[in-house]
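Inspection log for the structure reproduced underneath, given as structure tokens.
What follows is calculated from the coordinates using simple rules that are stated; it is not laboratory data. What you are looking at is a predicted structure, and each value in this text was computed from that prediction instead of being measured. Note: ideal-geometry Cβ built from the backbone for every residue, glycine included; neighbour counts use all protein chains shown.
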Amino acid sequence: MEAKLNMKKMGKSLIKLVIAILVIIVIIAVAVMASKSGGKDSLNVSDLQGTVSAPGAALSDGAVDTSRELDGHHLVAANDSYELYLYEPALSIIVKNTKTGAVMESTVRDEERLGSVNETWKGFLQSGIVVELQEETNTMQRKLGIEGSGAQVSVEMIPGGFRAKLDYPTQELGFEAEVKLYDDGSITACIPESSIYENADNKKIGNIYVFPLLGSSRLGEKEGYMFVPDGNGALIYLDDKDGRFDSGYVQKVYGSDIGVGESYVLSLLWDSYETHNDAEMILAPVYGMVHTDDEMGYLAIIESGDEEASIYATPNGAYSDYNWITAAFRKCTTYIQPTSNSGGSVTKVTDRIKYDINVRYMFVDGADANYTGLAKRYRDYLIEKDELVKVEDDFKVRLDFLGLDVENWMLWKKDAPVTTVDNIREIYADLESEGVTDILSIYKGWQDGGIFDLPVTSYDVDSSIGGARELSKLMDECEGKNIDFYLFTDGVRANTETGNTTFDTVKKMDKRLYTQDTYQNVYREFVYWTPQKSLQNLQLLQKNFVKKGVNKIALSEIGNTMFTYTMGDTMQTRLVSKYLYGEALRQISENMDLMLEAPVQCYWQYAKAIVDMPIADSDYIYTDQSVPFLSIALKGILPMYGDYVNFEANEREYFLKLVETGIYPSFYLTYENPSELIYTNSSDVYTAQYSVYRDQILNYYDELSEVSERTKGSMIVNHEITDTGVTIVTYDNGVKLYINYDETERKAEDVTVPALSYVIGGE
């Protein structure tokens, strides 16, 4: 009998083994088939060309008197407000406001005004378009202007502007550029990808600068500023900097590219390595120039090529006597390819990154020639293009909760729950008794295994925080009240210890797996799913959530992550990331309410609100003033929530910034003492216990709900900092907010504002 039982057990074991082997074979077969398919797992850039929308403004095609000249430039296009002039040999343009006579030039034509610059910088200052040449695997990129570089320029007139063919015979490369003036006063500059040719194996286009000197000014000869999209927004004044700076603002739109070693690229133009830091990310592909003395300015919007662009804003004294701002468009770059485990490596150059370049310059004048005018023009542009959809902007205080994380324990992971479902009920009931009813919450760490058990593809709730039934009941209760309750997950990253990451994870251009270090003891690193896999995971999650009755989801990472990566021998560009992440968010937004952490512009249309919106800039040494550019553009259209109050060093200043920017407050809370998290990956959550922050939540709610009640549904129409230091924010319903950041009482417009306080005035 015992022998029979043993035989039976062995038979069952054998069956299990056979089944396991078959499962492995199926998984491998599916992976191989996926890697060979050209649909879901690889995407050609050509497939995305149709996603770039054409300019929508009507073309100004009236006849013009091309014999008219301005500073050696001849007239090529005109409308009721602006004239466009061209100097063909250098593709230099001048834009003239016909009402005021004010002009903005794109080059420095006067040799005597160049200052003491070398030939490299001379060519840069005198060229309407500048190319940086990538020669073989040299980490230095050599600048090619137009004049003096052997470039050949041929121009033909087209309705509203001109088309130029730019050839560099010695380098065996070239392209076309098309510039048009529109009836709304905007100008577009476009370089179609289809026009680019590179016939030499060892020479490629590295970067292209489009009208880098448009609106530039020498030393302190003009009054005004450059606008940079750093954080919420920042200004660099045009005053004489007295040679204080040897560099300027340089940041990649939408953040750095993890797929290539950008920090290794050395430009002869800058004579230094371009580095990227963890400062505030560029969320909007815009920049601007304003001449306040001439009441003329423009906002440049990168309509195509934004994912590969970097913003350069350089004050006078750094490289030249001129203040200038522009976008540089990356067409290829170098990266380091390891050749051995002992440290050997070679430098390689990527294939050309294929995309159209299109920049729209939207001009402002008169009372709108300021950063507020630029922001309003941006808002109108986004609404007109359906990239910004108005959402109900009711005030809510954001109270996010951490459910659980895990810590190492013997041979397994031990749960460390700090906020259960019942704990959240208790907190809501306590706040309701104090009159706090307008709440938005994001629940993090609800899933089985805690906040870092990734990926999440189903509604699998950890029992230690209450389980699926109790969490569902809580969400139903929130639906009956004025509480928006979102479940949180990471839409991009994968945990190598909690999921199968053998396939479908991001490999950089050097074919090595990208890993993100945590510097924690439980989970030491994360990897990234390919965008294709992220799309599939989120499709599964959405299907499961909808089936379980979950209709609100908050996603991190996916809203502001783009990278170059490899699939097999194929380079996938940031354009591919942008498209696939956008497709995932579009699908989710059609069936669920979606919340995104600090998303970039192209994803705003899918979100019910933006969380972790920056309230200021990165406070670089060369920026002179922080301005709420994004807040002006979005307030009254899309609700915004700031970073967590309980992690801010200067709490009072942060509060006043919330008043100024129209951003709603956020708190990250636990029910238990966060010391319970000391041995988890959430050990940085050191100050979050609800009982500690209860009174502050009540104070913020009372004050900011009153401000919101006066400004609800309204848009900001003016923002200014007075000579007395008081900031005045004016809404379109007539309400004015007077904010005083000083430690002494201040006065503006006959309104006295106490120290470190604010006053609500106006209609």
Cα-based count: Lys pairs in segment 313-410 below 22 Å, eight or more positions apart or different chains?
-> 4
Taking the Cβ-Cβ separation of E749 and L70 as r and a Förster radius of 45 Å, what is the calculated FRET efficiency to the nearest 0.05?
-> 0.65
Expressed as a fraction of 2.2 N^0.38 Å, the rule-of-thumb size for a compact globular protein of N residues, what is the C-alpha radius of gyration of segment 526-673?
-> 1.21
The answer for trypsin sites (Lys or Arg not before Pro) in segment 456-530 that fall in a DSSP coil and have at most 12 neighbouring Cβ atoms within 10 Å is K511, R512
Computed over the chain, the relative contact order (Cα-Cα under 8 Å, seq sep at least six) in percent reads 11 percent
Heads up, the chain by the C-alpha gyration tensor (a ≥ b ≥ c square roots of eigenvalues; a/c under 1.5 rounded, else a/b over b/c prolate, else oblate) looks oblate
Using the C-alpha gyration tensor of segment 58-384, what are the square roots of 5 times its eigenvalues, in whole angstrom, with the largest one first?
-> 31, 23, 19
Charge dipole (segment 58-384, unit charges on Cβ, about Cα centre) - positive-most of G288, A63, G231 | G231
So, in Å, what gap is there between the alpha-carbon centers of segment 579-632 and segment 291-347?
-> 22 Å
When the dipole is taken about the Cα centre of the chain, and only Lys, Arg (+1) and Asp, Glu (-1) are charged at their Cβ, what size is it in debye, to the nearest 20?
-> 3560 debye
Using the Kirkwood formula on alpha carbons, the hydrodynamic radius of segment 157-230 in angstrom works out to 15.2 Å
Residue-averaged 222 nm ellipticity for the chain, from DSSP H runs of 4+ at -39500 (n - 2.57), nearest 500 = -6500 deg cm²/dmol
Taking the Cβ of G185 as the center, what net charge do the other residues with Cβ under 13 Å away carry, scoring Lys and Arg +1 and Asp and Glu -1?
-> -2
What residues qualify as long-range amide H neighbours of D448, i.e. H under 5 Å apart, gap of 5 or more or another chain, H built at 1.01 Å from N?
-> D460, V461, D462
Kirkwood Rh for segment 327-373 from C-alpha pairs, in Å, is 15.1 Å
Expressed as an acute angle from 0 to 90° and rounded to the nearest 10, what is the orientation of the C-alpha long axis of helix 421-433 relative to the principal long axis of the chain?
-> 60 degrees
Magnitude of the Cβ-charge dipole (Lys and Arg +1, Asp and Glu -1) of segment 513-663 about the Cα centre, nearest 20 debye, reported as 840 debye
Could you work out how far apart the two model spin labels at F647 and A367 are, taking each label as a point 7 Å from the Cα in the direction of the beta carbon, and quote it in nm?
-> 4.2 nm
Karplus 3J(HN,Hα) series, Hz, for segment 649-658 with 6.51 cos²θ - 1.76 cosθ + 1.60 (x for Gly, Pro) | 6, 9, 5, 5, 4, 5, 4, 5, 5, 5
Segment 397-762: proportion of alpha-carbon pairs further apart than 38 angstrom, % | 22 percent
Non-local amide H neighbours of Y82 (under 5 Å, H modeled in plane, Pro and chain starts lacking H): which ones?
-> T98
What does the convex hull of the Cα atoms come to per residue for segment 604-676, in Å³?
-> 139 Å³
Relative to the longest principal axis of the chain, what angle (0 to 90°, nearest 10) does the C-alpha long axis of helix 467-479 take?
-> 50 degrees
